[in-house]
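One structure is given below, encoded as structure tokens.
The values are calculated or read from the model by the stated rules, or taken from the named source; none is laboratory data. Treat the numbers as computed from the prediction; the structure is a model and nothing was measured. Here the Cβ positions follow ideal geometry from the backbone for every residue, glycine too, while neighbour counts run over all protein chains shown.
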């Protein structure tokens, strides 16, 4: 027993903050480390300023087998003993805490900036002047014939900005360091300070390809704090939109990977089919990415019977066109040869780093919020978890293909029997001094929105964890041993969000 | 091989006939916002309380619309109880000047073509470099979509290239984050003159949903002169394509009509 289960916290529920009293930092450390050793997973770990210039640290953990969530807290001054040496999953969270809250995790082995911005969740007394955004020291390998390659932030294609620093021996990558933060827009502060509708618009823009995922998690946290209960119809429409978003992106990714290995027919066909899914989202919401659809209390647009039957026809046709192209691409020997064994991630590494989404499932780790922490329509309509085992680029493609087929089946079925009820109900004021955790399985993996309210019921802290936050570590871990020239393909197979990471 | 040929036959040719047709949108599509003065009784200021900077008061106190600041969220139109604010189906939004996006009724002076010299240089071959600077990746996703078989940007002689040194212009997306400011400026400087600058999306125009955050500069800074402004959040690929083709003199007609 870890003592975390007693809290009774589940996905999309709220608990009084008083039920998570701050513990002495040593007990807090031990509790998190023990829980992770017993198979719990760190889903969020963040700080917020508290009385007396101290910082309240909150760790949120998930036990995937039982669907339980746990939370524990501690109060710290300007430093504490880092968890990372005993719990690698905390690595990036603790760097983030150091950057956001100006609290130093002593003994952290890799304490570098995450996004390069002055502290924005620190006590008022913290000195913010003289912050240097350019200060960043790269790890370097010295030796004969070892050379360094720097790429970005402006890349070759239409891609978001990020900087990649390779230490290479000939063509072989010895080490890859990824420096991000170029897309940092101050999202969490905006979510905490803007009024509710504006905050939802910001949530829709955390990652422009994950509008439904982030808006869904953001609204679910708000709804939990307001005790607002959506109708089954609203939940089903949100579920349909979430799977359409997954379809568009997974299909687009298969096309992009085909393009990277110069298999042009699949690149062209999938590129067009991705658009079909976006156009369906536009039919429902008026926007190709589903903006405007998900709102606190439900959805802003209903799906009419005519719309549902047209969408079913279009998706059925899409399925008939898609399966032969997927078979053509993934059955082609030269495509297989190009994808197999590239950018492999081991199952052990995956667990150690807390990797989520398709890259985890491609290592035979059946991690999926829809299954382990089910919410909304996914409590009643189950989508099987899609896995592969090799952990390489091919495995990530196979997981995507399976998920495409299963999401298509799900959406077509759900459109055939939309439950009754109004699309949207009133969502009132937030309960004061509570903590709500909302998780969603976005197309990239687990999205977490954790919201803490103050004594007046205003948002005190809104923590966002995009799956890319976890998974950029997987890209860095998967690349050593590969050739530099395989980096674009490997990177594409993860297709992580820079904006989602940078916030 | 047979499967390959079968797929080719089934898939067919999907290229949009645009600009000769091909611009159909579903009923709920939110295009150019308009303001119907006749439906405004002038007694409330509900529209000013909308979620974006779409509606504001002009110097003389009258209501004005800024399509550049529009987030195309349904609530922006719903902010008026009398139904004076509405989204049309008009996807054409791009303009040559920032001020042409602002009007009393939502009318936009659509982009005029480049002058004869610039058209002789770029009219049939334009190479662009994309720079994302504090974006959400939504606009970039639509720029990528322009390259797919449906929109097929390359048939108009427009291509995205790998380096600013190979480019005739920049396409800037995002609210221009503090962390991307110097990289954006250096990329602009690295683009040989004469060069074009195209600002795509509400963020690049005025900060979009991130407007006011201390971490962004609310759009493309003044020191980088912009030749084409493309509103949207994100703009539909046809909105971008329409703007580009107008800039190159490939589409020519008058103004998008007001309500």
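Going by what's in this entry, would residue B:240 be described as touching a helix residue (DSSP H, G or I) at 6+ places or on another chain (Cβ under 9 Å), part of a loop (DSSP other than H, G, I, E, B) and more than 10 Å from chain A (Cβ to nearest Cβ)?
Against the criterion (touching a helix residue (DSSP H, G or I) at 6+ places or on another chain (Cβ under 9 Å), part of a loop (DSSP other than H, G, I, E, B) and more than 10 Å from chain A (Cβ to nearest Cβ)), residue B:240 does not qualify.
With the condition kept exactly as written, say whether any residue in the range A:411-434 is without any contact (Cβ under 8 Å) to a residue 40 or more places away in the chain and closer than 28 Å to residue A:237 by Cα.
There is at least one residue in the range A:411-434 that is without any contact (Cβ under 8 Å) to a residue 40 or more places away in the chain and closer than 28 Å to residue A:237 by Cα.
Looking at the range A:274-294, which of its residues are over 23 Å from the mean Cα position of the chain (by Cα) and more than 9 Å from every other protein chain (Cβ to nearest Cβ)?
A:276, A:280
Can you say whether residue A:386 is surrounded by fewer than 23 Cβ atoms within 10 Å (Cβ to Cβ), within 18 Å of the chain's Cα centre (by Cα) and not in a helix (DSSP H, G or I), as far as the supplied structure shows?
In short, yes.
Which condition number does residue B:21 fail, the rest of (1) under 20 Å from the mean Cα position of the chain (by Cα); (2) modelled with pLDDT of 90 or more being met?
For residue B:21, the exception is condition (2).
Against the condition assigned by TED's automatic domain parsing to the domain that holds residue A:343 and in contact with a helix residue (DSSP H, G or I) (Cβ under 6 Å, 6 or more places away or on another chain), how does residue A:201 come out, does it pass?
Yes.
Go through the range B:181-215 residue by residue and tally those that are touching a residue at least 40 places away in the same chain (Cβ under 8 Å), within 23 Å of residue B:93 (Cα to Cα) and out of contact with any helix residue (DSSP H, G or I) (no Cβ under 6 Å at 6 or more places or on another chain).
The qualifying residues number 6.
Restricting attention to the range A:156-178, does a residue exist that is within 19 Å of residue A:496 (Cα to Cα), without any contact (Cβ under 8 Å) to a residue 24 or more places away in the chain and out of contact with any strand residue (DSSP E or B) (no Cβ under 9 Å at 6 or more places or on another chain)?
The answer is yes; a qualifying residue exists.
Which one of these does residue A:118 not meet: (1) at the interface with chain B (Cβ under 10 Å from one of its Cβ atoms); (2) in contact with a strand residue (DSSP E or B) (Cβ under 9 Å, 6 or more places away or on another chain)?
Among (1) at the interface with chain B (Cβ under 10 Å from one of its Cβ atoms); (2) in contact with a strand residue (DSSP E or B) (Cβ under 9 Å, 6 or more places away or on another chain), the lone unmet condition for residue A:118 is (2).
Quick test of your reading of the structure: residue A:195 fulfils all but one of (1) within 28 Å of residue A:403 (Cα to Cα); (2) within 14 Å of chain B (Cβ to nearest Cβ); (3) out of contact with any helix residue (DSSP H, G or I) (no Cβ under 8 Å at 6 or more places or on another chain). Name the failing condition by number.
Evaluating residue A:195 over (1) within 28 Å of residue A:403 (Cα to Cα); (2) within 14 Å of chain B (Cβ to nearest Cβ); (3) out of contact with any helix residue (DSSP H, G or I) (no Cβ under 8 Å at 6 or more places or on another chain) leaves (1) as the failure.
Give the range B:101-137 a look and list any residue that's in a loop (DSSP other than H, G, I, E, B) and within 14 Å of another protein chain (Cβ to nearest Cβ), or say none.
Residues satisfying the conditions are B:133, B:134, B:135, B:136, B:137.
Could you run through the range A:468-503 and say how many residues are in contact with a helix residue (DSSP H, G or I) (Cβ under 7 Å, 6 or more places away or on another chain) and farther than 30 Å from residue A:123 by Cβ?
Qualifying residue count, the range A:468-503: 17.
Looking only at the range A:297-314, filter to residues that are within 12 Å of chain B (Cβ to nearest Cβ) and outside any helix (DSSP H, G or I); which one of those is farthest from residue A:217 (Cα to Cα)?
A:304
Could you tell me which residue of the range B:17-52 is farthest from residue A:327 (Cα to Cα), considering only residues that are facing chain A (nearest Cβ under 10 Å) and crowded, with 17+ Cβ neighbours inside 10 Å?
B:50
Name the pairs whose Cβ atoms lie under 8 Å apart, with the first residue in the range B:216-230 and free of Cβ contacts under 8 Å to residues at least 40 places away in the same chain, the second crowded, with 22+ Cβ neighbours inside 10 Å and in a loop (DSSP other than H, G, I, E, B), and 6 or more positions between them or separate chains?
Listed by first residue and then by second, the contacts come to nothing, as the list is empty.
Looking at A:173, A:200, which one is part of a helix (DSSP H, G or I) and either surrounded by 24 or more Cβ atoms within 10 Å (Cβ to Cβ) or more than 9 Å from chain B (Cβ to nearest Cβ) (or both)?
After applying the criteria, what remains is A:200.
Condition (residue is assigned by TED's automatic domain parsing to the domain that holds residue A:349 and farther than 28 Å from residue A:67 by Cα) applied to the range A:460-476: is it met by at least one residue?
Checking the range A:460-476: at least one residue is assigned by TED's automatic domain parsing to the domain that holds residue A:349 and farther than 28 Å from residue A:67 by Cα.
Please work out if residue B:204 is on the phi < 0 side of the Ramachandran plot, assigned to a helix (DSSP H, G or I), buried (at least 24 other Cβ atoms within 10 Å of the Cβ) and at pLDDT 95 or above.
In short, yes.
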